[in-house]
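Working notes, structure below.
Just so it is clear, none of the values below were taken in a lab; they were calculated from the coordinates. Everything numeric in this text was worked out from a predicted model, so none of it was measured. As a convention, Cβ positions derive from the backbone with ideal geometry for all residues, glycine included, and neighbour counts pool all protein chains shown.
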Amino acid sequence: MTETCDVTSETRFRQKTIARPVAISGVGIHSGRPVRLRLHPAPEDSGIVFRRTDSGVEIPALSTAVSSVELATTLGRDDVTISTVEHLLAAVRAGDVDNLFVDLNGPEVPILDGSALPFLHLLKAAGLRVQEARRRILAVTAPLAVEMGAKRIRISPYPGLRITYAIDFAHPAIGHQEIDLVVDRDSFARELAPARTFALQEDVEQLHRRGLGLGGDLDNCVVFSSHGPNNALRFPDEPVRHKALDAIGDLSLTGSPLWAHVEIERGGHLLHYAMLEALRERPDCWAWVDDPVRSPSLRPLSPSFPARPAPPPAVL
């Protein structure tokens, strides 16, 4: 294996891990408890694997491991869970990392500043190491859509990843927002990674009554009250940018880079998960691409793309 800081045409379609371990600490947004996260290099074909160091349980970052999509995306195995994985996973996918061990000493990924930017900085400090094995890309070959009332997600063929996201909130400070972005490492870092999680003031109060959101504050969440945002926005349309960030993290649970144009209206974790289910049910709409540079090779459904799991308890 060779260490590299730049991805060239020769290494673009080879698997990658980080070059050295790195760590960061913070609090869980719901428990408010301290948590330490440490990233380790992983061998070829490992994928992204979360490891609870306090219990010894390993949980792969795959859609079959999803146990809940209420408020955040949660992975679970037996009675052990890891929640709020989407920001880290979005940074890992945009950072071009295929194989990674994620060690945590608690049930939540630290919220940090509420965005994916600290995770991008952590990955930059870790460096990239190119591995010998070729990566597989899940390439959408035919349109596929899921609708839930006024909520809609659609994917169609695209030679890369393009996200078109639209939201509509009754709150006048949010209203209708939309973004259309071709996603690569640079565009993700510039346009999406800094966007923080957000909430309405009344929703925060309800969460607190349920014993949730205890780690949230104005340093890691944009709160919209009747007077507008309670802290300065990083973008005028920061909420929709954060929704697009979430979608990248959630859709990374295919276990491979995704080539598709993803269009989402009024989405959330439940709708993103519904598309993962639809992809499992419709293998005729996608194919594995393992060498798109020299001679594109489309392969049929691989058993490593998980079979359909039991539906998790989920609300938006």
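Structural remarks
- Over 36 Å [Cα-Cα, the chain], rounded percent: 12 percent
- Backbone N under 14 Å from the residue 203 label point (7 Å along Cα→Cβ), restricted to region 252-266: 266
- Label-zone membership for region 173-212, site residue 226, 7 angstrom Cα→C-beta point, backbone N under 13 Å: 201-202
- Residue of 43, 194, 172 that the Gaussian network model of the chain assigns the largest fluctuation, springs spanning Cα pairs under 10 Å: 172
- Check: region 157-242 dipole with +1 on Lys, Arg Cβ and -1 on Asp, Glu Cβ, in debye: 180 debye
- Under a Gaussian network description of the chain, with springs only between Cα atoms under 10 Å, the residue in 115, 63, 31 that fluctuates furthest is 31.
- Taking Cα centre as origin and charging only the Cβ of basic (Lys, Arg, +1) and acidic (Asp, Glu, -1) residues, the dipole magnitude of the chain rounds to 520 debye.
- Among 269-281, 17-29, the order from most to least packed when residues are scored by Cβ within 10 Å on average: 269-281, 17-29
- Extension gain, residue 151 to residue 24, is 42.1 nm, computed as 0.36 nm per intervening residue step minus the present C-alpha separation.
- Unit charges at the beta carbon, dipole of the chain: most positive-side option, 143, 160, 21: 21
- Cβ-derived FRET efficiency at R0 25 Å, residue 281 paired with residue 78, nearest 0.05: 0.45
- At R0 = 25 Å, FRET efficiency that the Cβ-Cβ distance of residue 214 and residue 55 yields, to 0.05: 0.70
- Cross-link reach list, lysines versus residue 243, counting only Cα pairs under 24 Å and skipping chain neighbours closer than eight places: 124, 151
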